[in-house]
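To keep things clear, I will list the structure first and then write my remarks on it.
The values are calculated or read from the model by the stated rules, or taken from the named source; none is laboratory data. Keep in mind it's a predicted model, so treat the numbers as computed, not measured. We place every Cβ from the backbone using ideal geometry, glycine too, and count neighbours over all the protein chains shown.
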Amino acid sequence: MELKEYFKIIKEYKAVFWLAVFLILTVSWGFFFLRPVSFTASLALNITRQGSQDTSDYKFDDFYRLQADEKFADTIVQWLKSPKTVAEIYSKSGINPEESSLRQLTRYFKPEKLSSQIVSVSFSTGSAEMAKKISAAISEIISKNINRLNESQKESTWFEIVPEEAVIIRNSSNPLVVLLLSLLIGIFVAFWIVMILHYIK
């Protein structure tokens, strides 16, 4: 079938075609303007030590420190993926974790090791105030987990975290991009609706 024949079919069903485009544009813009407000937060956790080895001999602590920090950063990342840790954080923030499934709990946070001594965790929430509460809860629960491990240590060289202030940004979309994407999707869907009607006829 040549291109001009496609245009001929669309012209024959132009009312259906433009109605479908209009409906998709309306639904897309309705969703764009009526969607709930959401915020994305990013919190950086700096890994440091409570102390260092005090010796005049070769300082093995300095030699192994970066490797140990990197391994411990991996531990923090795994904590933030653990349903138990996520549930504790949300409970501390005033959110009931029982409303979520085990699968959802493992996906709330997106932790990432940026370097051997920095772990970044990002998440989304419905308000900037709640984002601040969750960020504070993350710092508190991770510090609590570290203290649990620290109880069995005999030396004062165990890890601790120094959290930075969370960066909180309101999620937004470009209206022009939404309009163009909606128009393209509308034309695509309308084209196939017209083709199906023509085929049935």
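Only residues that are at pLDDT 90 or above, farther than 23 Å from K133 by Cα and of a type in the set (A, V, I, L, M, F, W, C) were counted in the range 66-95, giving 0.
Across the range 41-59, not a single residue is classified as hydrophobic (A, V, I, L, M, F, W, C), modelled with pLDDT under 90 and either exposed (fewer than 15 other Cβ atoms within 10 Å of the Cβ) or assigned to a helix (DSSP H, G or I) (or both). On inspection, Y6 passes the criterion of being assigned to a helix (DSSP H, G or I), closer than 30 Å to I187 by Cα, out of contact with any Pro (no Cβ under 9 Å at 6 or more places or on another chain) and at pLDDT below 80. Contact map, the range 120-132: residues that are of a type in the set (S, T, N, Q) paired with residues that are part of a helix (DSSP H, G or I) and modelled with pLDDT of 90 or more, Cβ distance under 8 Å, separation 6+ or inter-chain. Pairs shown: T125/A131; T125/I134.
Among the residues of the range 92-103, those that are of a type outside the set (A, V, I, L, M, F, W, C), over 18 Å from A41 (Cα atoms) and either in a helix (DSSP H, G or I) or touching an Asp or Glu at 6+ places or on another chain (Cβ under 8 Å) (or both) comprise P97, E98, E99, R103.
Being more than 14 Å from K92 (Cα to Cα) and at pLDDT 90 or above is a condition met by no residue of the range 149-159.
Per-residue answers, yes or no, for (1) aliphatic (A, V, I, L, M); (2) crowded, with 19+ Cβ neighbours inside 10 Å:
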site	(1), (2)
Q67	no, no
K81	no, no
I89	yes, yes
K92	no, no
E98	no, no
F109	no, yes
G126	no, no
E129	no, no
V162	yes, no
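Residue count for the range 166-201 satisfying the condition of being farther than 25 Å from S127 by Cβ and in contact (Cβ under 8 Å) with a residue 12 or more places away in the chain: 15. What are the residue pairs meeting all of these: first residue in the range 19-43, first residue farther than 27 Å from L197 by Cα, second residue surrounded by 14 or more Cβ atoms within 10 Å (Cβ to Cβ) and acidic (D, E), Cβ atoms under 8 Å, and 6 or more apart or on different chains? If the second residue must be surrounded by 14 or more Cβ atoms within 10 Å (Cβ to Cβ) and acidic (D, E), the pairs left are L43/E164.
Restricting the search to strands (runs of 3 or more DSSP E) fully inside the range 114-186 and requiring at least 2 residues that are of a type in the set (S, T, N, Q) gives 118-125. The single condition among (1) of a type in the set (S, T, N, Q); (2) within 30 Å of K14 (Cβ to Cβ); (3) exposed (fewer than 14 other Cβ atoms within 10 Å of the Cβ) that S182 does not meet is (3). Take the conditions (1) modelled with pLDDT under 90; (2) farther than 14 Å from L43 by Cα; (3) touching a helix residue (DSSP H, G or I) at 6+ places or on another chain (Cβ under 8 Å); T125 misses just one of them, which is (2).
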